[in-house]
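In what follows, a single structure is set out as structure tokens and then discussed.
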Amino acid sequence: MLQKVVEEDRQGEAYQAFVGDVNKYSKKFYIESYGCAMNFSDSEVVASILHEEGFGATKNFEEASLILINTCSIRDKAEQTVRNRLHIFKKAKKSNPGMLIGVLGCMAERLKAKLLEEEKLVDLVIGPDAYRTLPGLIEEAEGGQKGVNVLLSRDETYADIAPMRLDSNGVTAFVSIMRGCNNMCTFCVVPFTRGRERSRDAESIINECRDLFERGYKELTLLGQNVDSYHFTPAGGSMADAVTFAQLLERVAVISPDLRVRFSTSHPKDITDDVLFTMARHDNICNNIHLPVQSGNTRMLSLMNRTYTREWYLNKVKRIREIIPDCGLSTDVIVGFCTETEEDHQDTLSLMHQCGFDMAYMYIYSERPGTLAARRYQDDVPDDVKKRRLEEVIAVKIITSGESYRNDVGKTFKVLIEANSKKSTDDWSGRNSQNKMLVFPKGNHNFKIGDYVQVKVNSATSATLMGEIV
Ligand code: SAM
Ligand code: SF4
Ligand code: F3S
């Protein structure tokens, strides 16, 4: 099975599902994922590869013959979480010596064979571009040899592998459209762990989306570290045959008006008017943009190599609001980056107020070995100052999201029913186009998960809208 364990404040609900009857398989695997949506999406590719090899999925790692942990290196804390989990798996391996333990993903790529030394119990270390070699490496490891493949690729996109939707609610799914990142933000480890940017064949993306819709999925999120730089030219094609992100988005949107489309993540320097107009043209492309700002101060942005200024970002937000007036907007913020002064930090707070974000992921800067920032700058903001600044950005986020959610009281939204509410099976939960969560009583209606309903908002917190079906 695929267990979702989201890192730090992206803490989601850890949820689990079986594929068929696990007991009919002689070999069982357990997979746990950390980090970003790309990692969860990759775990579904890995599950598909293993299924082809006759492995069944289990949610109980103690009964697995193969435990895989798909890891994240984005902050030190993410790696520590993985190390803690490995120590727990070590105990399971003691009572089941034939068990294999594999580390996948970004930490595997960053630490490579060093992981075998560091964590004596690990049998397999496989980087994000090497999952096709998993069956061969498992075979070697079964023969007692440690298996390592951390080669990065310039063209691997796993385009032909249909991901196995193990943990799905059957309604929402991720579709990976590209891999890697060419951006070299100075704080970030991703270009080192995921390699060069490459775009997946547009036809394979459209086919996967169409297939998901035909199987009942109603909302797809197109995934990449920087989706706006998606650019695919078919083999033998000319520039004129190239597919841009705006074109891809449109091609997915026209599959059906009943299919909702989202995307993540956009880089402020790359999101184009073309994408914004495409969103405005199609009701089923959700009005929500995740646009990580990182800092509200131009000097910090330059040290981070984000390649835009505070003013550029604010203009971009203005443009979004001009073209899509009711667009939901969220962001990522890093506090305490190298040399950040109180004034720089105040610029971040004021930018957050100005933009009125509905949601924000906020992080304390964590120096990552090998990154440009680690090599060039000193991580010189004291921990207590970083913590206080984080509290301050969280406080502003609560104010802006509170205002945004309160403004929705009295409005009616089209909502896709995704699940029972966490608190009561008498209530449904689902999101509107702006990606805000709504909770509302099921009442006497016969709606089910995957249906669209119109919901009138009666009250709000800073993270949920409460309403009723109208
Ligand atoms: N590609 C996306 C972008 O550029 O906006 C985001 C990628 S990253 C997986 C998600 C977020 O983690 C970043 O937007 C940034 O806020 C945060 N992050 C990355 N490196 C970090 C670091 N060294 N310390 C703290 N936060 C970090
Ligand atoms: Fe990291 Fe920057 Fe690439 Fe995002 S755009 S993954 S923050 S290097
Ligand atoms: Fe983490 Fe790798 Fe994603 S470092 S955030 S899992 S690309």
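Between residue 461 and residue 24, the simple spin-label model (points 7 angstrom out along Cα→Cβ) gives 4.2 nm. When only the Cβ of Lys, Arg, Asp and Glu is charged (+1, +1, -1, -1), the dipole of the chain relative to its Cα centre reaches about 440 debye. Judged by the gyration tensor of its Cα atoms, with axes a ≥ b ≥ c, region 157-315 is prolate; a/c meets the 1.5 cut and a/b is the larger of a/b and b/c. For region 96-162, the alpha-carbon coordinates run over 36, 23, 16 Å along the three principal axes, in decreasing order. Two decimals is fine: what is log10 I(q)/I(0) at q = 0.10, 0.16 Å⁻¹ for region 4-149, from a Debye sum with one equal scatterer on every Cα and no solvent? Those come out to -0.29, -0.80, one per q. Positive-end ranking of 337, 252, 462 along the dipole of the chain, with charges on Cβ about the Cα centre, is headed by 462.
Summarising the overall dimensions of region 112-225 from its C-alpha atoms, the Rg and Dmax are 16.7, 47 angstrom. Residues of region 173-211 falling in the label zone of residue 240, defined by backbone nitrogen less than 18 Å from a point 7 Å along Cα to beta-carbon, are absent. Counting only cysteine Cβ atoms and a cutoff under 4.7 Å, the chain contains unmatched residues 36, 72, 106, 181, 209, 286, 327, 338, 355. When +1 charges are put on Lys and Arg Cβ atoms and -1 charges on Asp and Glu Cβ atoms, the dipole computed for region 172-405 relative to its Cα centre reaches about 420 debye.
With coordinates expressed along the principal axes, the C-alpha atoms belonging to region 238-390 extend over 52, 37, 24 Å, beginning with the largest. Each of 360, 284, 60 was placed along the dipole of the chain (beta-carbon charges, centred on the mean Cα), and the one lying farthest toward the positive end is 60. Scaling against 2.2 N^0.38 Å puts the C-alpha radius of gyration of region 58-131 at 1.04. Taking the charge dipole of region 412-469 about its Cα centre, with +1 at Lys and Arg Cβ atoms and -1 at Asp and Glu Cβ atoms, the residue from 452, 435, 424 reaching farthest to the positive side is 435. The relative contact order of region 412-469 comes to 36 percent, based on Cα pairs under 8 Å that sit 6 or more residues apart.
In this Cβ point-charge picture (+1 for Lys and Arg, -1 for Asp and Glu), region 4-149 has a dipole of about 400 debye about its Cα centre.
In summary, the convex hull built on the alpha carbon positions of the chain has an orientation-averaged projected area of 22.7 nm².
The residues of region 276-334 have, on average, 37 Å² of accessible surface per residue, using a 1.4 Å probe with all protein chains present.
Straight-line cross-link partners of residue 59 among the aspartates and glutamates, defined as a Cα under 17 Å from its Cα and at least 8 positions apart when in the same chain: 13, 21, 32, 44, 167.
Measuring nothing but how far apart in sequence close Cα pairs (under 8 Å, 6+ apart) lie, relative to its length, the chain scores a relative contact order of 10 percent. Distant-in-sequence amide contacts of residue 364, defined by a placed amide H-H separation under 5 Å and a gap of 5 or more residues or a different chain, comprise 335. As a calculated quantity, the FRET efficiency between residue 182 and residue 80 at R0 = 41 Å, using C-beta atoms, amounts to about 0.90. Subtracting the Cα-Cα distance of residue 406 and residue 139 from 0.36 nm times their residue separation leaves 90.4 nm of extension gain.
If the cut-off is a Cα-Cα distance under 29 Å, which lysines reach residue 456, setting aside same-chain residues fewer than 8 apart in sequence? Of all the lysines, those that pass the test against residue 456 - Cα under 29 Å, at least 8 places apart if same chain - are 218, 318, 397, 411, 414, 422, 423, 436, 442, 448. Principal axis extents of the Cα atoms in region 412-469, from largest to smallest and rounded to whole angstrom, are 28, 21, 16.
The Cα center of region 351-427 and the Cα center of region 110-187 differ in position by 29 Å. Here the extension length gained between residue 384 and residue 207 equals 58.7 nm, from 0.36 nm per residue of separation less the Cα-Cα distance. Between residue 151 and residue 272, the contour length at 0.36 nm per residue exceeds the alpha carbon distance by 40.2 nm. Rolling a 1.4 angstrom probe over the chain with all protein chains present gives an accessible area of which 50% lies on carbon and sulfur atoms. Taking θ as phi - 60° and the Karplus parameters 6.51, -1.76 and 1.60, the scalar couplings of region 159-176 work out to 4, 8, 9, 7, x, 8, 7, 6, 9, 8, 8, x, 10, 10, 8, 8, 10, 6 Hz in sequence order, x denoting glycine and proline.
The values are calculated or read from the model by the stated rules, or taken from the named source; none is laboratory data. Keep in mind that what you see is a predicted model, and the values were worked out from it rather than measured. Every residue, glycine among them, receives a Cβ derived from its backbone with ideal geometry; neighbour counts consider all protein chains shown. Keep in mind that these areas ignore ligands, DNA and RNA; they rest on the heavy atoms of the full protein, side chains included. Shrake-Rupley method; radii C 1.70, N 1.55, O 1.52, S 1.80 Å.
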